[in-house]
Every structure is written in C-alpha cells, then in structure tokens.
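This report refers to the structure that appears directly beneath it.
The values are calculated or read from the model by the stated rules, or taken from the named source; none is laboratory data. Keep in mind that what you see is a predicted model, and the values were worked out from it rather than measured. Cβ sites come from the backbone with ideal geometry, for glycine too, and all protein chains shown count toward neighbours.
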Amino acid sequence: MCGAALEIRAGGAMCPNAHAFDRARSGYLNLLLSNRKQSKEPGDSAAMMQSRRAFLQGGFYGPMADAATAAVVGAVRGRAAAHVADLGCGEGFFTARIQRALAAQGSATCYGIDISRAGIKMAAAGERTVDWVVASLHRSPFLPRSLDVVLSVFAPIDAADARRIVRDDGALVTVTPGPDHLDALRALIYTRVKPHPETPALMAGDTLFEQTAATRVRYPIVVDTPPQIMNLLAMTPYYWNISEATRARIEALSRLELTVDAYVSTFRPA
Ligand SMILES: C[S@@+](CC[C@H](N)C(=O)[O-])C[C@H]1O[C@@H](n2cnc3c(N)ncnc32)[C@H](O)[C@@H]1O
Ligand SMILES: [Zn+2]
C-alpha cells in the first residue's frame, strides 16, 4: 500500500500506482502484503477466534455490546451515509451487531479491520453487509478524515492513526476492561488479583482526543459448561501464560461466576 486512494471493485481493489489486491472468495479484502508482516499469521489465531465466537454467541457480552452499539449509533445520529470502522474487529461479533443497528437507522457503511486473516475469514463468512479487510490498525487503509466513527473493542489503539482517519467532527468509541472484568477467572490465575486500571487507560497521555462520554457496564454472569469456561479462557491473553496445573484446575470447573466490567467511552478530536 502506498497510501493512494484505492478503487474498490467486486474482484478486488487497485490504486493509481497499480497496487492491486484480490478479493477472497468469501468476500474480504487482504491488504496485508506478506513483506510487511512481522510473522506468517499475525494477530489472533483461528483457534482463539473460534473460542471467541462460541463464547460471544453464548450471549455473555450482550449488554456490553448493546452499550457499544448505543454509543456508535449516538455518535452518528443525524448524519447521512455514515462511515464507521471497527479496528481490531476479530471475528466481527461487535461489528455485525453495530452494522445491523446502523442499517436500521438509515444508510451506513461499516468496515471491519483486523490483522488476523483467520478472524476476517470467519467474519466474512457470517455477515456480508460489512466490508471486511485484513490490515493493520497501525497503518489503517483509510484516507485522512474519512470516517465518522472509529471503534475499538478490546483491541490495541493507535491514537495517532485513529486521529488521521477520523473526521474533525467524528468520534472515537472504545470498549476497554473495567477494574473487575473477569475477576473470578483472574483470581484462578493470579494469587493476588491485580485490578484493571480504574479509568480507561487507553488514552493515557494522549492529547489528540478528549473524552466526552463514558459508561461503565458491569454485571454478573454465570458460565456453567466446561467448554464455555475453556472458550472464555482461550479468548483472554491469560491463556498463553498459565501453567499446566492452572489450566487443569480451570478445565475441571463446571461452573464459574464472574463479573463483566467494561468502559464504553466516546472521544472527540481535541
Ligand atoms: C481481544 S481481540 C478483540 C476482538 C474484537 N474486537 C472483539 O471484541 O471480539 C483483539 C484483536 O486485535 C487484533 N489486533 C492485534 N493487533 C492488531 C493490529 N496491529 N492491527 C489490527 N488488528 C490487530 C487481534 O488479531 C484481535 O482480533
Ligand atoms: Zn498503491
């Protein structure tokens, strides 16, 4: 990608400098050139994506997704033909719900971006009305000031690139973990439970955006089947850092009561 505008066609995308990107049969665009990848399959793996999808489809994050949807819908209210991008969208659970809510309000274009091809592939198989793209959020494939809303749900945030692509009157909406998020799971993993930071830490020290709204969504859930408990574990970063003994202890559980705790924050360009 040289940064020039891409012309998007059914079969793929091309820029004036003849950089061409094919569309996969399932409909997504892969803009990640292999010589720019730092690893062969960057981002979350297919196994993590499958765990994530199975857990999210269990409905446990429904109220959190509703709050995120409300924030995005609120941010585009009154705009004709809004453009919204979900950066680090994974297998697209939040993106698809937000797309459906926006479509019900009028016309909107929704993009789901992730560096994981496995995630985008799953997303594209499930929801055709979103434009799914394999790309990095650090050099996102959007023209300057082209988006009404940039969304980030539990994903890394690149404030400088987000500022580049969002319109001056647009918004950045983030969902980040609150202090009690998945408390009982963390208690099983760490002997002393470190709470997540009290305030949304994402924009610490950032001067490009100012926060204009924040909602904390906090509620109890009960995960009461061993496969869903393992799905939950596998979609967290903890999965890769635990001992065999800890994993066995969690695998033996048949029920886990825990807290979902997240901040849904809206930022405007400063
Ligand atoms: C915790 S998951 C959240 C996925 C999704 N937003 C959700 O809540 O279901 C974080 C996601 O960020 C993606 N990611 C990590 N680094 C990235 C990058 N540089 N560019 C794009 N996506 C990235 C991962 O592949 C993963 O899908
Ligand atoms: Zn180009």
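Scanning region 45-60 for any residue that is more than 17 Å from Met122 (Cβ to Cβ) and out of contact with any Asp or Glu (no Cβ under 7 Å at 6 or more places or on another chain) turns up at least one such residue.
Considering the conditions (1) within 14 Å of ligand 1 (Cβ to nearest atom); (2) among the aliphatic types (A, V, I, L, M); (3) within 16 Å of Asp131 (Cα to Cα), Ala68 is excluded by exactly one of them, (3).
Looking across Leu143, Leu188, one residue alone is more than 19 Å from Arg268 (Cβ to Cβ) and in a loop (DSSP other than H, G, I, E, B). It is Leu143. When residues in region 231-251 are screened for being within 12 Å of ligand 1 (Cβ to nearest atom) and not in a helix (DSSP H, G or I), 2 of them pass.
Examine region 22-37 for a residue that is near ligand 1 (Cβ under 10 Å from one of its atoms), part of a helix (DSSP H, G or I) and farther than 20 Å from Ile8 by Cβ, and state whether such a residue exists. Break it down into steps so the answer makes sense when it comes.
Taking region 22-37 and keeping what is near ligand 1 (Cβ under 10 Å from one of its atoms), we get 32.
Going one step further and asking which of them are part of a helix (DSSP H, G or I), we end up with none.
Scanning region 22-37 turns up no residue that is near ligand 1 (Cβ under 10 Å from one of its atoms), part of a helix (DSSP H, G or I) and farther than 20 Å from Ile8 by Cβ.
Checking Ala20 against (1) away from ligand 2 (no atom under 16 Å from the Cβ); (2) in contact with a strand residue (DSSP E or B) (Cβ under 7 Å, 6 or more places away or on another chain): exactly one of these is not met. Which one? All conditions are met except number (1). Does Ala75 fit the bill of being modelled with pLDDT of 95 or more, closer than 27 Å to Leu256 by Cβ, among the small types (Gly, Ala, Ser) and part of a helix (DSSP H, G or I)? Criteria not met by Ala75. Looking at Leu87, Leu32, which one is touching a residue at least 60 places away in the same chain (Cβ under 8 Å), within 16 Å of ligand 2 (Cβ to nearest atom) and of a type outside the set (Phe, Trp, Tyr)? Only one candidate qualifies: Leu32. When Arg97 is tested against (1) closer than 21 Å to Asp158 by Cα; (2) at pLDDT 95 or above; (3) among the basic types (Lys, Arg), exactly one condition is not met: (1).
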